[in-house]
1. Specify whether the C-alpha gyration tensor of the range B:172-254 places it in the rounded, prolate or oblate class, a ≥ b ≥ c being the square roots of the eigenvalues: rounded for a/c under 1.5, otherwise prolate if a/b is larger than b/c and oblate if not.
2. Check each residue of the range A:107-146 and keep those whose accessible area, probe 1.4 Å, is at least 10 Å² smaller with all protein chains in place than in the chain alone; give them in order of residue number.
3. For chain B, which whole percent of the accessible surface, found with a 1.4 angstrom probe, sits on carbon and sulfur atoms?
4. Find every distance from the label point of A:Gln6 to the corresponding label point in the other copies (7 Å from Cα along Cα→Cβ) and write them in nm, one decimal, shortest first.
5. Would you mind classifying the range B:59-157 by shape? Square roots of the alpha carbon gyration tensor eigenvalues, ordered a ≥ b ≥ c; an a/c under 1.5 is rounded, otherwise it is prolate if a/b is larger than b/c and oblate if not.
6. Within the range A:32-113, which GluC sites (Glu not before Pro) sit in a loop by DSSP and count at most 11 neighbouring Cβ atoms inside 10 Å?
7. Compute the label-point distances linking A:Thr126 to its equivalents in the other copies; points lie 7 Å from Cα along Cα→Cβ; give nm, one decimal, shortest first.
8. Using a 7 Å offset from the Cα along the Cα-to-Cβ direction at both B:Gln6 and B:Asp170, what is the distance between the two label points in nm, to one decimal?
Protein chains: 2
Amino acid sequence: MPGRIQSIERAAAILRLLSGRSRRLGVVEMANELGLPKGTVHGILRTLQHVGFVEQDPESGKYRLGAALLHMGSSYLDGNELRTRALNWSDSLASRTHEEVRIGTLHDGRVLIVHHVFRPDDSMQTLDVGSLMPIHATALGKVLLATHPHVAEEVMKRELPSYTDSTITDPKLLRRELERVRERGWASEAGELQRLRSSLAAPIIDRTGRTVGAMGIFGGPERLFAARSPRPELLTHVREHAQAVSRELGAIPW
Amino acid sequence: MPGRIQSIERAAAILRLLSGRSRRLGVVEMANELGLPKGTVHGILRTLQHVGFVEQDPESGKYRLGAALLHMGSSYLDGNELRTRALNWSDSLASRTHEEVRIGTLHDGRVLIVHHVFRPDDSMQTLDVGSLMPIHATALGKVLLATHPHVAEEVMKRELPSYTDSTITDPKLLRRELERVRERGWASEAGELQRLRSSLAAPIIDRTGRTVGAMGIFGGPERLFAARSPRPELLTHVREHAQAVSRELGAIPW
DNA sequence: AACCTCGTTTGACAATGTCATACGCGGTTA
DNA sequence: TAACCGCGTATGACATTGTCAAACGAGGTT
């Protein structure tokens, strides 16, 4: 795959930087971080500002992401087939299980949430469509890792961050866990990301047989588990709903 | 303001194009639309794909927006002060009025929705954070236009699209309406976007005195209006909540 | 089997972005 | 008050870089 366009790659790097840090960043700050002359960074920022991808704080002169990105992000969602097909089924799953539902897809070694349904009759939750969840500490992530072994190996090359004392941080243990996920066709997690939260998930498969996402429920371990293993009726709901979405995507009914 | 970087502007134009059309687009299609050689467009797309801003459909070879944009969009929201400060107040407004709440800001001559709270106990609505609403057919938009006269003139240069037979399409009438909005400090709309929907909105002001957004409720005209004018208690709630957000943003309490 | 159309590659050319240097401003220090 | 940072911004010469016409090759259609 031959040459990429340098200035666009740099612009993307700047946007990624701004997206990572939540606070506003200055020109020199970014220039140092990226190892570029500040003049260059400034020129790129000027252009990005003109197209609405970044905004400049009039007082401090520092930069942050721009509103155009929000609209593009939502346009992405509109065109995302996985999410579109899953809309009805995720509502159904939420009301059947009385739990919060999320649909995630693999992005950059993490789980990108493309849809999120609140737990019924439980408002005051914050929607986290667009956020990235850790891949080795969520059931969604385990499903995705189990079906993408090369990504799994890539992820395990880096240190696996620990979130609670239940988080799987040993690659050997994780590999074994993923093996189990592959065998059973579903994944679970209890308190591995937050002590009092857990999740169950199953794969969503498209017409080519590839796992393009995962669908799962989130809730307190006392509700999702019984005697250390997932409650069978919840598991069935999750698996059947994920299958339903897969069927909508054209997967061969299995 | 001197030179912008051509390739980045072109990349942005491509993304905007993809964001506008919901279906996938091909290289030649975009090249024609933008008046560029297809080789050039392809090179930009290759780079955008590499950074995750576009994805290519493996079967058709056509392009669509990429997942990275979704995450950046949500990062924008995290850093958006207007939205952050408004979170609690919009929940409060929704439960007080029992109506759907939206917060919007000016973007590109339209209203960009940065926050959206469903009508309490009424699920199955689709969240439209990130979507763009027409500016002259919503109360949110009227508030923003009334406080940004130059934008109003810009918008009125183009034909004002009609959505129902109540939509204000005559610039003269719209100017008079905006005058009223300025005087009263709030805006209303009944059936101007959809026949059986209406909205009330008030401005959100920051520490510099600029109107940085608008907050409003949406609901059936029979609930929001009585005898052709907005129900006073709803109006009061909207105005007071918008003021509360303004105060959080550091506006001088008035 | 000839012929589209589309996505992709190529390579020479010069337009274009790069980057060191300089500028001007605000804040801080001596 | 004046010297001095540090910042965001402007400038301009240079050669790196992106551009674009033309050609390629794979699908599909005629």
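1. The shape class here is prolate.
2. Those residues are A:His107, A:Leu112, A:Met124, A:Thr126, A:Leu127, A:Val129, A:Gly130, A:Leu132.
3. That share works out to 50 percent.
4. 1.6
5. oblate
6. The qualifying sites are A:Glu59.
7. 2.5
8. The answer from the label model is 4.9 nm.
The values are calculated or read from the model by the stated rules, or taken from the named source; none is laboratory data. This one's a predicted model, so the numbers in the text were calculated from it and none came from an experiment. Don't worry about glycine lacking a Cβ; one is built from the backbone with ideal geometry, like all the others, and counts go over all protein chains shown. Surface accessibility is based on the protein's heavy atoms, side chains included, excluding ligands, DNA and RNA. Shrake-Rupley method; radii C 1.70, N 1.55, O 1.52, S 1.80 Å.
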